[in-house]
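**Q** My questions will all concern the structure given below.
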Amino acid sequence: MAVSSMQAVNVIGLMEHIDEAITVLGESGVFHPDEVTNFYSDVMDFTHLQTKNSYAEPLTMLKSSLNQTKRSFPLKDVSDFSPSLEELESFSAAATADIDALIDKRETTAAQLEQAKQNLSIARHFSGLDVEIEKVLSMRYMKARFGKLPKDSLQKLEAYKDNDYVDFAVCTEDKTHSWGVYFAPKEQVEEIDKIFEGLYFEPTDLVGEDETPSEKIKEYEKQIPLLEKEVKTAQYNLDKYLDENNERITRYLSKLEELYLYAGIRSKALQHNNSFIIVGWIPTENKKQLKRRLKKIKSIELDFSNAKDELDKHPPVKLKNCFLARPFEFYTEMYGVPKYNEIDPSLFIAITYIIIFGIMFADVGQGICLSIVGILMWKLKGMKIGKVLAPCGISSACFGLVFGSVFGFEHLLDPMYFALGFKEKPIEVMTSGSIITILLAAVAIGIFLVITAMFLNVYSSIKQGNIGRALFSSNGIAGIIFYSALVFGMVAQLLLNWKVFNLPYIIGLIVIPFLLIFFEEPLGGLITRSPDWKPESWGSYILEHFIESIMVLLEYVTNTVSFLRVGAFVLVHAGMMMVVFVLADTAGPVAYWPVVVFGNAFVMVLEALLVAIQVLRLEYYEMFSRFYSGEGRAFEPVKLNKV
């Protein structure tokens, strides 16, 4: 649970050397620029060097055209390439014009080809008409409507048999529609159109040009191969252009991307007379290397300071975790990045998430399958959630050994248990005694994790210098004593019949800690010697915090009871698999194994999704939200992803 050590860096030098300094900072790939005003309050005499990124327009134009080609152009090292802005703009404009022209030719021809194919498809539906379509469409006293009518609507025409013009001449049919034509006198065409519209008639734009449908079909059949050839030629010309200019495009694109990023550093720099100042953050491990490179530039002066001494500047955070916790940074970042002097909960999430998931999804066979699926999701699709599912599946398989479940077969491992000296498997889930034990164990796990989260809050609060929160908050020392005393007292009194709720116990371990929580704000102010430690009105304070204290009590109860879902899902898993085997037995010997396989797959997918969500909910609401704010900002260095 750690973040990388950071250094604040101030770079000061003469304006004539600013481009060299920016290049070094950008090429380092570890410099996170910040606003100078965050470090210096008196900047009245300073001016911004640049407010507009001059490289944005040519870069956007070029990338927009290249994206339409569906070709990738990996960025390369172009530190030896130094074109002027005018050269970059000229190349971007010329390349964009050339590529767009070639793409337009391809797209226009492709559109003509698609239209010809559609026209051919439509014309084939009217191939039986030996008339010139245009002459029919241009009749003076009668109007013709070509199109298609649903087959069930064709039968409904019987309702209009008294109207001689409500008739549909069928040319061809497909599975769902009849294709043909109806005619209507000019003066009745609106009325007839409304009738056919109600029958879901869909008109078709049939173009004849004094030709019959059969003649148009022959024309389209000749035209389509020619258009297909033109599309291939247009694509060939585009590919040829890209192949011939690949090196130049890559160099200019890489340079534009590089300068665009570096302009982001320049936009944050300030100028004073003939000097500039740039501020930002770098990981401590990169300090020596960057310092050595910057010192080679004339006039450059550097000032480094540890981020621990610059907490008021809100240092950016770069998470630094072991292999186990690294995949779970995904969940941490979903909630928010930790502040620099705050605990990173990634390792805590990793350990608790894997264990709780394993308990709730306990099955040897399904757990192994889940691990394999997770590995494939990560390796083949690059999905972050895959790296989370892999260890969770292993945990599920391990707890499956405890519960004795293999793809829902509850006694498949009995010989192994007998060989190890057990009379039966360790836990038989669906017996009445085990159900109570499992639910109580789930609550016990919850109590332990809640108290652990409280201790982490104490540590985090001390680390951040907030002694008042560490001592008096509902998740501080007072909260730990109050919650632990209540839990221990209830367990001892109700389950062990120990008489612990005596007057000294209640006053010392319940009442006094509760009062400390109640008066957290003024007590915290007293400890930090704040001049405003007293509330403006004690009456308003007591009334407001009385309601809040009720919410705190309810939170303790709901957070504890919420862990019942851990035990409940153990029972749900066993219950769902029992249903699967009941269905398999009912289906008979032939369908038995297909039902078992399908049932396992269904349960595995459904339960994995539900368990993943429920465990994440426990993490966010019942545990690390007690010690974690997630109000930090991520470390985002200027970095060009070169090949």
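**Q** Just a yes or no: is a residue in the stretch 407-427 surrounded by 19 or more Cβ atoms within 10 Å (Cβ to Cβ) and part of a helix (DSSP H, G or I)?
**A** Scanning the stretch 407-427, I find no residue that is surrounded by 19 or more Cβ atoms within 10 Å (Cβ to Cβ) and part of a helix (DSSP H, G or I), so the answer is no.
**Q** Also: Would you be able to say whether some residue in the stretch 429-443 is open to solvent by 80 Å² or more (accessible area, probe 1.4 Å), among the hydrophobic types (A, V, I, L, M, F, W, C) and outside any helix (DSSP H, G or I)?
**A** Yes: one or more hits.
**Q** Can you find a residue in the stretch 520-536 that is within 23 Å of Ile438 (Cβ to Cβ) and in contact (Cβ under 8 Å) with a residue 24 or more places away in the chain?
**A** The answer is no; no qualifying residue exists.
**Q** Here's a follow-up. So how many residues does the stretch 158-203 have that are farther than 23 Å from Ala123 by Cα and in contact with a Pro (Cβ under 9 Å, 6 or more places away or on another chain)?
**A** Qualifying residue count, the stretch 158-203: 2.
**Q** Might you check whether a residue that is under 29 Å from Val11 (Cα atoms), in contact (Cβ under 8 Å) with a residue 60 or more places away in the chain and within 36 Å of the chain's Cα centre (by Cα) occurs anywhere in the stretch 81-95?
**A** Yes, that holds for at least one residue.
**Q** All but one of (1) over 30 Å from Glu329 (Cα atoms); (2) surrounded by fewer than 18 Cβ atoms within 10 Å (Cβ to Cβ) hold for Gly13, so report the exception by its number.
**A** It fails just one condition, (2).
**Q** A follow-up question, please. Among the numbered criteria (1) surrounded by 16 or more Cβ atoms within 10 Å (Cβ to Cβ); (2) at pLDDT 90 or above; (3) of a type outside the set (S, T, N, Q); (4) within 30 Å of Val170 (Cβ to Cβ), which one does Ala123 miss?
**A** For Ala123, the failing item is (2).
**Q** Give the residue, chosen from Leu206, Leu256, Leu199, Leu261, that is open to solvent by less than 20 Å² (accessible area, probe 1.4 Å) and within 30 Å of Ile99 (Cα to Cα).
**A** When all the criteria are applied, what remains is Leu256.
**Q** If you check Cys322 against the conditions, is it within 30 Å of Val450 (Cβ to Cβ), open to solvent by 30 Å² or more (accessible area, probe 1.4 Å) and not polar (S, T, N, Q)?
**A** Answer is yes for this residue.
**Q** Assess whether Gln235 counts as being among the polar types (S, T, N, Q), open to solvent by 50 Å² or more (accessible area, probe 1.4 Å) and free of Cβ contacts under 8 Å to residues at least 12 places away in the same chain.
**A** When the stated conditions are applied, Gln235 does not pass them.
**Q** Evaluate the stretch 63-75: report whether one residue or more is of a type outside the set (A, V, I, L, M, F, W, C), under 30 Å from Val317 (Cα atoms), open to solvent by 30 Å² or more (accessible area, probe 1.4 Å) and under 33 Å from the mean Cα position of the chain (by Cα).
**A** yes
**Q** Further question on the same structure: Quick check: is even one residue across the stretch 296-308 free of Cβ contacts under 8 Å to residues at least 24 places away in the same chain and part of a helix (DSSP H, G or I)?
**A** Within the stretch 296-308 (the criterion being free of Cβ contacts under 8 Å to residues at least 24 places away in the same chain and part of a helix (DSSP H, G or I)), the answer is no, since none of the residues qualifies.
**Q** Return the residues of the stretch 47-80 that are among the hydroxyl-bearing types (Ser, Thr, Tyr) and touching a residue at least 40 places away in the same chain (Cβ under 8 Å); say none if nothing qualifies.
**A** Answer for the stretch 47-80, where residues must be among the hydroxyl-bearing types (Ser, Thr, Tyr) and touching a residue at least 40 places away in the same chain (Cβ under 8 Å): Thr47, Thr51, Ser54, Tyr55, Thr69, Ser79.
**Q** Filter the stretch 129-165 down to residues that are assigned to a loop (DSSP other than H, G, I, E, B) and touching a residue at least 60 places away in the same chain (Cβ under 8 Å) and give me whichever is surrounded by the fewest Cβ atoms within 10 Å (Cβ to Cβ).
**A** Here the answer is Asp130.
**Q** Condition check: closer than 25 Å to Ser346 by Cβ, open to solvent by 60 Å² or more (accessible area, probe 1.4 Å), in contact with a helix residue (DSSP H, G or I) (Cβ under 6 Å, 6 or more places away or on another chain) and at pLDDT 90 or above. Does Ile462 satisfy that?
**A** The answer is yes for Ile462.
The values are calculated or read from the model by the stated rules, or taken from the named source; none is laboratory data. Here the structure is a predicted model, which means the values were calculated and not measured. Backbone-built Cβ (ideal geometry, glycine too); neighbour counts: all protein chains shown. The protein model used for the area step is the full one, side chains on, heavy atoms only, and it has no ligands, DNA or RNA in it. Shrake-Rupley method; radii C 1.70, N 1.55, O 1.52, S 1.80 Å.
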